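Read the structure below first, then the notes.
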Amino acid sequence: MKKFFLLAFASAFAMYANAQMLKAESVESEYIAYPSIASSTEDVDNQYIPWGYCIDNIQYSIGVNEECTMSAAILINRDDMKDYKNAEIAGIRIGLANTSKSVSVFMKTGNADNISFELPDVVKKNVGNKGMGFHDIIFDSPQKVTDNYLIIGYTATGTNNIGYDGGTTHPDGCYVCLNGEWGNLYENASTNGWGSSCIQLLLSGDDLPEREMKMEKILTKNVEQNKNFVLTGIVTNMTRTPVSNYQLSYSVNNGKTFTQTIECNIEAMQADTFNLEMQEPLKKIGSNAIMVKIDYVNGEEDSDISNNVIVHSINCIEEGCYYKRNMVLEESTSVYCGYCPKGIVVMRSLKERFPDRFIGIAIHSSSMGSDPMVVYDYDDNINNVYDSNGLPNCIMNRLSEYQGDPMLIELDLDEILDKFELADGNIWFKSVSDLVDDKINVSVNAKFAKNNDRADYRIAFVLLENQVESDIPQLNYFSGGGSDGGMGGFENLPNNVYMPFDDVARGIWDFEGIGGSLPETIVKKEVYGYETTLDLKGKSAIYQNKDNLEVVAMIIDFYTGEIVNAAKAKLNSSTGFESIENNDVYAVAEDGRINVYGRYDKIEVFNLNGMNVANEGLENGIYIARITVGNNVLVRKVIVR
């Protein structure tokens, strides 16, 4: 997913050189993010070796939220090019985050004493208009790699069109220019995880390195103390020679070094996601420094060791306090709302993509007419939470910064799951009775990661029903496509759709949580039980088929109003199992399929459209592996390359 960042340039930028590095004043800026559809890759030629600080992925868009002419550039240190001294520079690859006009690329060279943006262009090429994505701009005449420093970049006119990759932020990979003034976005990019500018050299020639891999990034952020875990990261093959295996070495907190050989099939200029089975669990709570290094490629030493090492900080959570946070999307909808099929499509997609961390609740609204599925007290209370009116509308875990159009929330969900990976508390069902005399007995357990002697946590319950039939059809403005385009199949359905509705809220006990359901004094890791009876008649809650009923339990922080964590169970179930994150099971893409290592019972594979696909002959892309381990379901995102 790509984000837009609004930059307000506040002062003039001075750019100058010292003995080693091109420098610029940091940009003083304010920014705001707007989600957008991820860009595609366009005219890219794999015969060249790209060299730069970015990966081939456009995640962030930099601009001033209006059309203007901006430039972006990177500085390449001469020492970084020593293994390519016999290569030719065929051109420049650029990644545009939006359609752009009057695009041109440039290259400047200089030594340590005079490297500056004031230098004349050694090469400049105008290429006209270019679409969103990556583009290879080939010079009319190739240039030789020399002992000089290089500045390469592009100038383009557009709106929020400077692409950043969301990977590792390099100090020399973040130069921008507005109104003729250059500045360095490194501090902003590093703080906000923007990565580096999507700019690369395109190298060619016969005498290029045969074994050159680059350590890109480590993905693992949090692990539990004294629990075995798998360290996940990304490397890139920087040559035209396929890689069948590579050896990694790693150490924790400057301790004992371990090695592991990764069997793979990485084509030229492709990335690979690795999984290191850590030999020892982490014991020190808090930050732990993990060093990972590429030792050998195809059995021989790597040609360039300067980009082989990464030191990454992993947060070790105290044993027994590691709780994955489930995300609850409360969505207001109506059968009379022609745009509300958007919410239906989003709910279906997210349930398939994140079955173990996503809970959807469809709250039917009375604002557009007498919807037969409305729950009036839930409808009234959720409307008081929203910052704006209109349907469809939704909010994630009652976090004020994540509300609005369901499709925009879906685009943000990877970011939300990453940002809110861990929860302060956990909740799970001990038992849920059958429906007897319109009553359901529920029993839950909860525990917390921190001591708190002035807490006001409360437990709330929501009754859901799936496959609900309505005498009133769903209004569908997406019928026939037209100006509103495709919408998860609704474009092929009529203007009025008779359909079963899922995740329909039938009642809530209570919106802000049940007072006294959890104690005021919380002792971390202590288990707190709570039992109650959900009286459907007392709430005037209706239902059609008790076999389609589910109960959601939520921990509400009464002080903030946020949903701390949640769980869901069917009627007449007894589990007693606390939801867990199993770090001993991991999924790896190999030869067009996803293999699971560790003990498991079942694997299902889904594409990003939420479709269950056969686990063989998978095309390149991102897939979701749903792994069943006993009574638990684990979800892993896997990149097939």
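The values are calculated or read from the model by the stated rules, or taken from the named source; none is laboratory data. Everything numeric in this text was worked out from a predicted model, so none of it was measured. In this analysis, Cβ positions are derived from the backbone assuming ideal geometry, glycine residues included, and neighbour counts consider all displayed protein chains. Areas reflect the complete protein model, heavy atoms only, side chains present, ligands, DNA and RNA absent. Shrake-Rupley method; radii C 1.70, N 1.55, O 1.52, S 1.80 Å.
Observations, loosely collected:
- Percent carbon-and-sulfur accessible area, the chain, ignoring ligands, DNA and RNA, probe 1.4 Å: 44 percent
- The Kirkwood hydrodynamic radius of the chain, based on inverse pair distances between different Cα atoms, is 27.1 Å.
- For the stretch 84-191, the gyration tensor built on C-alpha atoms gives an oblate shape. Its axis ratio a/c (a ≥ b ≥ c) is at least 1.5, and a/b is not larger than b/c.
- Normalising the Debye intensity of the stretch 385-438 to I(0), with uniform scatterers on Cα atoms only, and taking log10 at q = 0.19 Å⁻¹ returns -0.77.
- Note on the stretch 464-561: Cα-only Rg and Dmax are 19.7, 57 Å.
- Whether the stretch 310-454 is rounded, prolate or oblate, judged on the alpha carbon gyration tensor where a/c under 1.5 counts as rounded: oblate
- The C-alpha atoms of the chain define a longest principal axis, and helix 341-353 lies at about 80 degrees to it.
- Cα centroids of the stretch 442-496 and the stretch 99-113: 49 Å apart.
- D_trans [Stokes-Einstein, Kirkwood Rh over alpha-carbon pairs] for the stretch 400-470, 4 °C, 1.567 mPa s, µm² s⁻¹: 80 µm²/s
- Global form of the stretch 165-287, assessed from the alpha-carbon gyration tensor, a/c cut-off 1.5: oblate
- Dipole magnitude of the stretch 109-262, debye to nearest 20 (Cβ charges: Lys/Arg +1, Asp/Glu -1, about Cα centre): 620 debye
- Computed about its Cα centre, the charge dipole of the stretch 448-489 is approximately 340 debye, with only Lys, Arg, Asp and Glu carrying charge at their Cβ.
- Percent antiparallel among DSSP beta bridges (both partners in the chain, rounded to 5): 90 percent
- A 1.4 Å probe run over the protein chains yields, for the chain, 43 Å² of accessible area per residue, whole-number rounding.
- Rounded to the nearest 10 degrees, the angle from helix 406-419 to the longest Cα principal axis of the chain is 70 degrees.
- The stretch 237-385: translational diffusion in µm²/s, Stokes-Einstein, Kirkwood Rh over Cα pairs, 37 °C, 0.692 mPa s: 161 µm²/s
- The stretch 85-92 - phi-based ³J(HN,Hα) in whole Hz, Karplus 6.51/-1.76/1.60, Gly and Pro as x: 5, 9, 8, 10, 8, 7, x, 9
- Packing rank of 298-309, 461-472, where each peptide gets the mean count of other beta carbons within 10 Å, highest leading: 461-472, 298-309
- The residues Ser313, Ser116, sorted by heavy-atom accessible surface at 1.4 Å with ligands and nucleic acids left out, run Ser313, Ser116 from largest to smallest.
- Over the chain: helical MRE at 222 nm, DSSP H runs n ≥ 4 each giving -39500 (n - 2.57), nearest 500: -2000 deg cm²/dmol
- Vicinal HN-Hα couplings computed from phi for the stretch 317-325 (Karplus, 6.51 cos²θ - 1.76 cosθ + 1.60; Hz; Gly/Pro x): 8, 3, 4, x, 10, 9, 10, 5, 8
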